[in-house]
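This report concerns only the one structure given below.
The values are calculated or read from the model by the stated rules, or taken from the named source; none is laboratory data. The structure presented is a predicted model; accordingly, all values stated were derived computationally and were not measured. Positions of Cβ are backbone-derived with ideal geometry, glycine not excepted, and every protein chain shown enters the neighbour counts.
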Amino acid sequence: MGGKLHRTYRGCMPQQPLAQVPVDAVWDWQEHGSCRSADPTLFFHPQNERGSARRSRDLAAKAVCASCPVRIECADYAVRSREPYGVWGGLTEEEREAIYARIDLAEYPRTRGEGARMAAPEIDAAVRSLASIA
């Protein structure tokens, strides 16, 4: 596929190039995610969504993530794989971009748990901010 993204998630969620998926990636945590019973469109913005509509959708997704039993595993995977799309573990695309920018590529976390450790402040703050809104 020459580095191009392919689409598999109901035709709308671009998948990560395999080179970015961590070698030790496991998927069983996904079976326990709170997102499994939520509308999947909450987690991935439609093309050209901006402003208050995007903030509202992101907040709704974060609310699902806030009580998720596998939120840390989800965020860890997203950080380690440099997931560019959607809300993962309560982290929006913009929050993850800030994490990616902060971590030196030479020290980038690739082992399970390292992403959660290196991004712990951001992962905690991602859903803690919901308390101030409620």
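Worth a mention:
- Tally, over the stretch 40-85, of residues that are at pLDDT 95 or above, under 16 Å from A120 (Cβ atoms) and basic (K, R): 1
- Every residue from the stretch 88-118 that is outside any helix (DSSP H, G or I) and at pLDDT below 95: I103, D104, Y108, P109, R110, T111, R112, G113
- Hits in the stretch 25-68 - residues which are over 20 Å from R82 (Cα atoms), under 14 Å from the mean Cα position of the chain (by Cα) and not in a helix (DSSP H, G or I): C68
- Close Cβ contacts (under 8 Å, 6 or more residues apart or on different chains) running from residues in the stretch 31-56 that are of a type in the set (D, E, K, R) to residues that are part of a helix (DSSP H, G or I) comprise R36/Q30; E49/R57.
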